[in-house]
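See below for the structure under consideration.
The values are calculated or read from the model by the stated rules, or taken from the named source; none is laboratory data. On a predicted model such as this, the values are computed, not experimentally measured, just so you know. Cβ placement follows ideal geometry from the backbone for every residue including glycine, while neighbour counts extend to all protein chains displayed.
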Amino acid sequence: MGTSSGSDQFRFRGQEVSEAVDLLDEFRLEGVNKSEIGRQGVKKVLREVTTGEEKAAVFAQYQRSEIDEDVARVFLGDRLDTMLADAEATREAIEDGDTSDLVQ
């Protein structure tokens, strides 16, 4: 998986979203960082719409170093840390020969 160049970026066309962000910008004396709102919004939506199967696939690609940690975190957020800890615990249990806790 490669990274997208600047020319491959997508743009939102939702007029109502743009107007809502402009209104929020007017409410705040210091204004708002519209780019940051967009980035955080897309991350949140991606995490919500990504299925469990897709999250597992993202994690597997991250473990194989096919995608960067930053990309994996877009999909998984802090769950990436939990998944890494679980994978390490599983690996240790297998190495120790104690897999009784792994069966559910």
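Wholly within the chain, which helices (runs of 4 or more DSSP H) include no fewer than the required count, namely at least 1 residues that are at pLDDT below 95 and of a type in the set (Lys, Arg)?
On the way: elements: 15-27, 34-49, 52-63, 69-76, 79-96.
Ranges flagged: 34-49, 79-96.
Does Gln40 qualify as being more than 9 Å from the chain's Cα centre (by Cα), closer than 29 Å to Asp22 by Cβ and polar (S, T, N, Q)?
Values: more than 9 Å from the chain's Cα centre (by Cα): yes; closer than 29 Å to Asp22 by Cβ: yes; polar (S, T, N, Q): yes.
Considered against the rule, which asks whether it is more than 9 Å from the chain's Cα centre (by Cα), closer than 29 Å to Asp22 by Cβ and polar (S, T, N, Q), Gln40 comes out as yes.
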